[in-house]
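The values are calculated or read from the model by the stated rules, or taken from the named source; none is laboratory data. Small disclaimer: the values here were computed from a predicted structure and weren't measured. With ideal geometry, Cβ positions are generated from the backbone for all residues, glycine too; neighbour counts draw on all protein chains shown. Please note that ligands, DNA and RNA were not included when accessible areas were found on the heavy atoms of the full protein model with its side chains. Shrake-Rupley method; radii C 1.70, N 1.55, O 1.52, S 1.80 Å.
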Amino acid sequence: MKKKLAIAMILLLTGQAFAQDKKSKSKKMETKEHYTFQLSDKVTRQRVTFKNRYGITLSGDLYLPKNEGTEKLSALAISGPFGAVKQQSSGLYASQMAERGFIALAFDPSYTGESSGEPRNVASPEINTEDFSAAVDFLGLQKNVDRNKIGIIGICGFGGFALNATAIDKRVKAVAATSLYDMTRVMSKGYNDVVTPEQRTKTLESLSQQRWKDAENGKPADGPRNLPETLKGDEPQFIKEYFDYYRTPRGFHPNSVNSNGAWLITNPISFMNMPILTYVKEISPRPMLLIAGENAHSRYFSEDIYKVANEPKELIIIPNAVHVDLYDKVDVIPFNKLDAFFKEHLK
C-alpha cells in the first residue's frame, strides 16, 4: 500500500498523474477578484507588488488591522500551499492574523498566480525560498512595520521553504509551519521514503530525456492536469482530500495550479538533489512552531523535523485533522496559538 501511495505521490508532483485532454495554461493568469474566504470586517486588504533577488515581480495582498493606530506593528510573511495562490489558504491566514493585530502579507510565489516569471507553472527550492526573503524585504520597508518583529508562516510545501528561509535569513525572528511538506524529500524519495534507487533513476532518466524534447521544441512542455476533472473513487485518500479542497467551491481558484492547471513536466528536476532542510538546526535560537493534523498523510514531515531541530521548538498535533483541514477550517486551525506564539516571540 505504501508503495502504491508513493507512486501516486510522485506522479502527482511530477505532473504525470491524471492524463487529461486539457493541458495547463502557460500564460500568466489575469487578476481574479474571487477569494475562497470571507475577509474579516476588522481588516483591510490592499494589493501590492515587490521584487525578489532574481528580478521577479511578486504579487501580494497586504492585510492590515483597521485599528492599527500609529505604533509600528509586528508583521508576517505568509505563503502556500504548494500550487496554491494568495486568494486561498495564505490569504485566509493573513486575514486571521491581521484581525489579531499583525500586518500580514500573503503572496503568490514566483512563476505562479499573478506573480511574474517565465515559463509559467514551475517551482524552485531556491527561488521559492528567496520569495519569502523578498517578502521580508518588502515588509521591512513599510513605515508601519517594526522590521525587528517579522515572522513567517508557511503552509504545506511552503512550510519547508519557510523553514529554509528562516535558517538562512537572520532577520526572521520566528517561524511557523502548518501541514508541513518537505518538497525536496517527497519528490526525491516519495511518500514515506519508499522510492527505491531504481525508481529514482528511472524518473531522472525520463526527466533528462524530456529536456531534449523541450530544447528541440524551444519551450518546456506542460504536464497533464494535477488533479482530475472528476474522481473515479479508487484514488488514494490524500488525492480525494486534495480534490475536496482544490476542485470544489470550498477552495477552487482559477489561478491555482492545483485547482486548474499543471506543473511543467520537468518541474521536479531541481528538487531531486537539493534538500532544503539540511540546515534546519540553524533556525535556533529563534523559535519554531510546527502544526500537523493527527490523521494527515504528511504528519511525519513535521515529526521528523521536530526531532532534528534545535530548541526552542514546539510540535502541535491537531486531533482528528487531515492535511487539508489546516488549509481553511478556522475551527481547526489553531489561530489563537499562532497569535500567542508570534506575540511572545516578535517582541
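Okay, here's what the table says:
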item: Residue match in the stretch 187-198 (condition: open to solvent by 20 Å² or more (accessible area, probe 1.4 Å), more than 28 Å from Lys281 (Cα to Cα) and part of a helix (DSSP H, G or I)); result: yes
item: Residues of the stretch 307-323 satisfying the condition of being of a type in the set (Lys, Arg) and surrounded by fewer than 15 Cβ atoms within 10 Å (Cβ to Cβ); result: Lys307
item: The stretch 220-245, residues that are over 17 Å from Asn121 (Cβ atoms) and assigned to a helix (DSSP H, G or I); result: Gln237, Phe238, Ile239, Lys240, Glu241, Phe243, Asp244, Tyr245
item: Residue check for Ser89: farther than 24 Å from Asp331 by Cα and modelled with pLDDT of 95 or more; result: no
item: Selection status of Ala94, more than 15 Å from Ser256 (Cβ to Cβ), touching a Phe, Trp or Tyr at 6+ places or on another chain (Cβ under 8 Å), touching a residue at least 24 places away in the same chain (Cβ under 8 Å) and part of a strand (DSSP E or B); result: no
item: Verdict on Gly69 being out of contact with any His (no Cβ under 9 Å at 6 or more places or on another chain) and modelled with pLDDT under 95; result: yes
item: Unmet criterion (only one of (1) surrounded by 17 or more Cβ atoms within 10 Å (Cβ to Cβ); (2) among the charged types (D, E, K, R); (3) farther than 21 Å from Leu326 by Cβ) for Glu282; result: (1)
item: Thr184 among the β-branched types (Val, Ile, Thr), part of a helix (DSSP H, G or I) and open to solvent by 10 Å² or more (accessible area, probe 1.4 Å); result: no
item: Sole residue being open to solvent by 30 Å² or more (accessible area, probe 1.4 Å) and closer than 30 Å to Ser206 by Cα, chosen from Ile276, Ile269; result: Ile269
item: Members of the stretch 53-94 found to be within 23 Å of Ser124 (Cβ to Cβ) and either among the hydroxyl-bearing types (Ser, Thr, Tyr) or open to solvent by 10 Å² or more (accessible area, probe 1.4 Å) (or both), listed by number; result: Arg53, Tyr54, Gly55, Ile56, Thr57, Ser59, Ser79, Phe82, Ser89, Ser90, Tyr93
item: Checking Asp131 against (1) of a type in the set (Asp, Glu); (2) within 21 Å of Leu290 (Cα to Cα); (3) not in a helix (DSSP H, G or I), the condition it does not meet; result: (3)
